[in-house]
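Asker: Pasting in a structure now, in structure tokens, and then I'll have a few things to ask.
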Amino acid sequence: MTVTSAFWLHHTTRLAGGPTTYANHYALLRVGTAFGACSFEHGELFHRYCADTSGRTVADVLSDAPLPVRVAAMDAYLSHVRPHRDSGAEPVALPAGTPEQRARARDEAVAGLLPSAPGRRVALIGVVEPLVAAVEARGATCLPCDFNLDATRWGTPVASDMDEVLDRADAVVATGMTLGNGTFDRILAHCRDRELPLIVYAQTGSAVARAFLGSGVTALSAEPFPFSQFSADETTLYRYRAGTAAEAAA
């Protein structure tokens, strides 16, 4: 399989009334019928990768490219082989609307994957404020962690060291961006060792995270490219739970 195209995307969002501007950089690759994506930190990757990657085989890219490019390549390959729309996942329609309305709908769908348990302490690795609100609306205590935030809009401190929140958590919700920054393996091992529910919400590497369902990941909200923030119209994300995903794969 060959990478047909590679592109670079820089995107910022500031939701109405919020103090935080979210800045995301994405590496995106196309393989066959699918796009693969991986977020990366500013300065970690440079535009030259686009020219250097198109036309290479997936195997070549996986052998020597920077980590975000490798994650995007694997995501594209796995999405081509088994598209989310054909995988037995639960499709969730995000309604047409404003960025705020669509973000709330998306994050309520993610929080809906949490096991019901009022008072549960949920480590949130990768903070978006509508998701903090959606987790707490379910009666849980949110323990937020993010490299780029000091506090939520409500004044809740945001940890920069994920071990600080993982050690206190009864469940974990982690962004797919952890695949691109090298922390996913640590989170996965921690949840396996303590037998904690691990829910991944993924634009980055959604098909890569899917490969760990039933092997540490208990549920997944998968949002393949093009992402919900790039449209005002109805779009679809796909929800997986470990048991049903295993049955669908079989």
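Asker: Could you tell me the accessible area of Thr13 in Å² (1.4 Å probe, neighbours in place), rounded to the nearest ten?
Answerer: In the full protein context, Thr13 sits at about 40 Å².
Asker: Do me a favour and compute the ellipsoid semi-axes for the range 59-113 from its Cα gyration tensor, root of five times each eigenvalue, largest one first, whole Å.
Answerer: For the range 59-113, the ellipsoid semi-axes come out as 30, 15, 10 Å.
Asker: Treating only the Cβ of Lys, Arg, Asp and Glu as charged (+1, +1, -1, -1), what charge dipole size does the range 110-250 show about its Cα centre? Round to the nearest 20 debye.
Answerer: My answer is approximately 320 debye.
Asker: What does the convex hull of the alpha-carbon atoms of the chain project to on average, in nm²?
Answerer: 12.7
Asker: Compute the distance in nm between two label points, each set 7 Å from the Cα along the Cα-to-Cβ direction, one at Thr4 and one at Glu100.
Answerer: 3.9
Asker: How big is the charge dipole of the chain about its Cα centre, in debye rounded to the nearest 20, if each Lys and Arg gets +1 on its Cβ and each Asp and Glu gets -1 on its Cβ?
Answerer: Rounded to the nearest 20 debye, it is 380 debye.
Asker: Leaving ligands, DNA and RNA out of it, report the carbon-plus-sulfur percent of the accessible area of the chain at a 1.4 Å probe. Walk me through the numbers before you get to the answer.
Answerer: Values: 5730 of 11210 Å².
The computed percentage sits at 51.
Asker: Report the net charge of residues surrounding Met162, where surrounding means a beta-carbon distance below 13 angstrom and charges are Lys +1, Arg +1, Asp -1, Glu -1.
Answerer: Value of the local net charge: -4.
Asker: Divide by every residue of the chain the summed helix terms, -39500 (n - 2.57) for each DSSP H run of at least 4, and state the resulting mean residue ellipticity at 222 nm, rounded to the nearest 500 deg cm²/dmol.
Answerer: -9000 deg cm²/dmol
Asker: Rounded to the nearest whole Å², what accessible area per residue is found for the chain with the 1.4 Å probe?
Answerer: 45
Asker: Of Ser221, Ser160, Ser116, which has the most accessible area and how do the rest follow, probe 1.4 Å?
Answerer: Sorted descending by solvent-accessible area, the residues read Ser116, Ser160, Ser221.
Asker: Per residue, how big is the convex hull around the C-alpha atoms of the range 84-142? Give it to me in cubic angstrom, could you?
Answerer: So the per-residue hull volume is 97 Å³.
Asker: Can I ask one more? Would you mind checking the tilt of helix 184-194 against the longest principal axis of the Cα atoms of the chain, expressed as 0 to 90 degrees and rounded to 10?
Answerer: With both axes taken from Cα atoms, the answer is about 40 degrees.
Asker: In a shell of Cβ-Cβ distance under 15 Å around Ser54, excluding Ser54 itself, what net charge do Lys and Arg (+1) and Asp and Glu (-1) give? Could you put the intermediate results ahead of the total?
Answerer: On the way: positive: Arg30, Arg48, Arg56; negative: Asp52, Asp60.
Surrounding charge for Ser54 is +1.
Asker: With a 1.4 Å probe and all protein chains in place, put Cys38, Cys50 in order of accessible area, largest first.
Answerer: Putting Cys38, Cys50 in descending order of accessible area: Cys50, Cys38.
Asker: Return one quarter of the surface area of the convex hull spanned by the alpha-carbon atoms of the range 194-237, equal to its mean projected area, in nm².
Answerer: Mean orientational projected area (the range 194-237, Cα hull): 3.3 nm².
Asker: Write down Rg/Rh for the range 144-207, rounded to two decimals, with Rg from the C-alpha atoms and Rh from the Kirkwood relation over Cα pairs. All intermediate terms of the calculation are to be shown ahead of the outcome.
Answerer: Values: Rg = 11.9 Å, Rh = 12.4 Å.
Result: Rg/Rh = 0.96.
Asker: Separate question: With a Förster radius of 25 Å, plug the Cβ-Cβ distance of Phe230 and Asp161 into 1/(1 + (r/R0)^6) and report the FRET value to the nearest 0.05.
Answerer: The value I calculate is 0.20.
Asker: Can you tell me the length gained on complete extension of the stretch Arg48 to Thr13, counting 0.36 nm per residue apart and subtracting the Cα distance?
Answerer: Extra length from Arg48 to Thr13 when fully extended: 10.1 nm.
Asker: Report the convex hull volume per residue for the range 1-88, counting only C-alpha atoms, in Å³. Don't skip to the answer; put the middle values down first.
Answerer: Details: hull volume 9.6 nm³, N = 88.
So the per-residue hull volume is 109 Å³.
The values are calculated or read from the model by the stated rules, or taken from the named source; none is laboratory data. Treat the numbers as computed from the prediction; the structure is a model and nothing was measured. Every residue, glycine among them, receives a Cβ derived from its backbone with ideal geometry; neighbour counts consider all protein chains shown. Accessible surface is based on the protein model in full, side chains and every heavy atom, while ligands, DNA and RNA are left aside. Shrake-Rupley method; radii C 1.70, N 1.55, O 1.52, S 1.80 Å.
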